[in-house]
1. From the list 275, 191, pick out the single residue that is in the same structural domain as residue 67 (by TED's automatic domain parsing), surrounded by 21 or more Cβ atoms within 10 Å (Cβ to Cβ) and of a type in the set (A, V, I, L, M, F, W, C).
2. Please verify whether the range 161-175 includes one or more residues that are surrounded by fewer than 16 Cβ atoms within 10 Å (Cβ to Cβ), out of contact with any strand residue (DSSP E or B) (no Cβ under 9 Å at 6 or more places or on another chain) and modelled with pLDDT of 95 or more.
3. Give me the residue from the range 222-278 that is part of a loop (DSSP other than H, G, I, E, B), under 24 Å from the mean Cα position of the chain (by Cα) and hydrophobic (A, V, I, L, M, F, W, C) and, out of that set, nearest to residue 98 (Cα to Cα).
4. Has the range 120-130 got at least one residue that is farther than 22 Å from residue 65 by Cα and assigned to a loop (DSSP other than H, G, I, E, B)?
5. Determine which single condition residue 204 fails, assuming it passes every other condition in (1) closer than 25 Å to residue 121 by Cα; (2) under 18 Å from the mean Cα position of the chain (by Cα); (3) surrounded by 20 or more Cβ atoms within 10 Å (Cβ to Cβ).
6. Out of (1) at pLDDT below 95; (2) over 30 Å from residue 63 (Cβ atoms); (3) assigned to a helix (DSSP H, G or I), the odd one out for residue 179 is which?
7. Yes or no: the range 167-186 includes at least one residue that is without any contact (Cβ under 8 Å) to a residue 40 or more places away in the chain, closer than 24 Å to residue 115 by Cα and assigned by TED's automatic domain parsing to the domain that holds residue 88.
8. As an exercise: evaluate residue 94 against (1) assigned to a helix (DSSP H, G or I); (2) at pLDDT 95 or above and give the number of the one condition it does not meet.
Amino acid sequence: MTPTMMSSRLLAKCRIPFGLDPAKKEMRKHSMECFLVLNFTQTVSPDLEAKQQKLEELIRLWPSAFVAYSGGVDSAFLLWTAHQILGSKVTGILGDSPSLPRSEHSAALAFARRHGLPIEVLKTLELDDPSYAANPPNRCYFCRSELFQRMEELAQLRGVAVLAYGENFDDSREVRPGRAAAGEFSVAAPLREAGLTKADVRALAREAGLEVAEKPAAPCLSSRLAPGLAVTPSRLASIEKAEEAVRRHGFRIVRVRHLGEKALVQVSPEETSRLQDDKLQAKLVPELAAAGFTQIEFDPVGYQGAGLH
């Protein structure tokens, strides 16, 4: 449903029903609902409405599609929107490998089940590619290439017409090696084409009542490794175990940087003061050591990346 359609239906509620006595409690309740509805519709900007309409127009052109799906807000909103329009003609493809935390895997499947979205899990083997495992600056290119190649093979087998992924307009302003892979496999980026920024996607997801609207970004575990430090299943497992340990203490945004023998623990700037508590660190150190780190440092500044937005 577009914002225009939604607004029209909500505004219709504001007409005083026939026979309703203005002096009675029901009328006061109706007036309050009206105020809330009008206040809500005023928050839908014409610019955002135009972008969403553009997104829907792009998706309607697809005879059928596979959408690369990670459970993050961008891919989740794209898959949800495509499903509203195409129904069973769209399927989310969840690439699964040791670089995907089990918590993210479970959350992605849970969101899909909750909203009736068809999902297929594809095992990807990027760690078997020496070019990826060497952890170069363009590591993401090799990961995306692996995923898109497997999606393309399955699409050809099933007769699916379009491959798509959740790159947004903000992403287009950054150096993204994965974009080159998307171009090589002709993978559509309708959020980007519609001009939808990350803030726009969150706003539309919020309006649609999707629980992922405020979900922090969750890059793959390989992104925690120091540049040039080889990507191995054991290192990824250590990172995942360490981050789970920190989250158990109530932190929302967590990054554990793998620097070889050393772990650099980061949380959001708002949570960093609590991370500096000596008693809490005394609890965390043995837990992080159990994850495989012999040296542990707690970042006093806090994580500054895109996961905060």
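1. Exactly one residue qualifies, and that residue is 191.
2. Within the range 161-175 (the criterion being surrounded by fewer than 16 Cβ atoms within 10 Å (Cβ to Cβ), out of contact with any strand residue (DSSP E or B) (no Cβ under 9 Å at 6 or more places or on another chain) and modelled with pLDDT of 95 or more), the answer is no, since none of the residues qualifies.
3. If we take residues in the range 222-278 being part of a loop (DSSP other than H, G, I, E, B), under 24 Å from the mean Cα position of the chain (by Cα) and hydrophobic (A, V, I, L, M, F, W, C), then 231 is nearest to residue 98 (Cα to Cα).
4. Yes, that holds for at least one residue.
5. In the conditions (1) closer than 25 Å to residue 121 by Cα; (2) under 18 Å from the mean Cα position of the chain (by Cα); (3) surrounded by 20 or more Cβ atoms within 10 Å (Cβ to Cβ), residue 204 misses (1) alone.
6. Checking residue 179 against (1) at pLDDT below 95; (2) over 30 Å from residue 63 (Cβ atoms); (3) assigned to a helix (DSSP H, G or I), the one that fails is (2).
7. No, the range 167-186 contains no residue that is without any contact (Cβ under 8 Å) to a residue 40 or more places away in the chain, closer than 24 Å to residue 115 by Cα and assigned by TED's automatic domain parsing to the domain that holds residue 88.
8. All conditions pass for residue 94, except number (1).
The values are calculated or read from the model by the stated rules, or taken from the named source; none is laboratory data. These numbers come from a predicted model, not from an experiment. Virtual Cβ from ideal backbone geometry, glycine too; neighbours counted across all protein chains shown.
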